[in-house]
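A quick write-up on the structure given underneath.
The values are calculated or read from the model by the stated rules, or taken from the named source; none is laboratory data. Since the model is a prediction, treat every value here as computed from it, not as a measurement. When we count neighbours, we look across all protein chains shown, and the Cβ atoms used for this are built from the backbone with ideal geometry, even at glycine. Accessible surface is based on the protein model in full, side chains and every heavy atom, while ligands, DNA and RNA are left aside. Shrake-Rupley method; radii C 1.70, N 1.55, O 1.52, S 1.80 Å.
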Amino acid sequence: EKLALPSSNGFELVDISSITRLEAASNYTHFYMADSRKITVSKTMKEYEDLLEEEGFVRIHQSHIINLRFLSNLKRGKNATAIMQNGDELDISATRKDAFMDIFRAFFKVS
């Protein structure tokens, strides 16, 4: 399945499965791709949150949505951290931690 990301020239069509994470930057959203590209669009991350939720994406912080398929490690504790396959370390906010853990357990079949 593809996602059409608006650009100044039209739209860039990307495979949803190749998006590793999204990062908010004011009224812009940075899309980080599996091939190391970064695509910036002039829409807020909230506009993509509901759209990608069914595809294995979860919001872990006000500024971050991750694709669980690219998560390589989870550091638990007071300050939980999501470590992505490319080595990026992203904080999981305290307010989203419980909801994230529920989704994590269901997605990865944790008992």
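Numbers for the structure displayed
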{"quantity": "Nearby aspartates and glutamates by direct alpha-carbon distance to residue 38 (threshold 15 angstrom, same-chain neighbours under 8 apart not counted)", "calculated": "12, 15, 23, 88"}
{"quantity": "Accessible surface, per residue, of the chain when the full set of protein chains is kept, probe 1.4 Å, Å²", "calculated": "61"}
{"quantity": "Candidates 56, 87, 77: whichever shows maximal mean-square fluctuation once the chain is modelled as a Gaussian network with Cα springs under 10 Å", "calculated": "77"}
{"quantity": "Cα-based Kirkwood hydrodynamic radius, region 34-96, one decimal, Å", "calculated": "12.6"}
{"quantity": "Gyration tensor (alpha-carbon) shape descriptor, region 11-70, a/c threshold 1.5", "calculated": "rounded"}
{"quantity": "Percent accessible area from carbon and sulfur atoms, the chain, protein chains only, probe 1.4 Å", "calculated": "45"}
{"quantity": "From phi via Karplus (6.51, -1.76, 1.60), per-residue ³J(HN,Hα) for region 51-64 in Hz, x at Gly/Pro", "calculated": "5, 9, 4, 6, 9, x, 9, 9, 7, 10, 6, 4, 9, 9"}
{"quantity": "Hull shadow area, averaged, the chain [alpha-carbon convex hull, nm²]", "calculated": "7.0"}
{"quantity": "Debye-sum result for region 62-111 in log10 I(q)/I(0), which assumes one identical scatterer on each alpha carbon, at q = 0.13, 0.14, 0.15, 0.27 Å⁻¹", "calculated": "-0.27, -0.31, -0.36, -1.22"}
{"quantity": "In nm, spacing of pseudo-spin labels at residue 55 and residue 16 (7 Å Cα→C-beta vector)", "calculated": "0.5"}
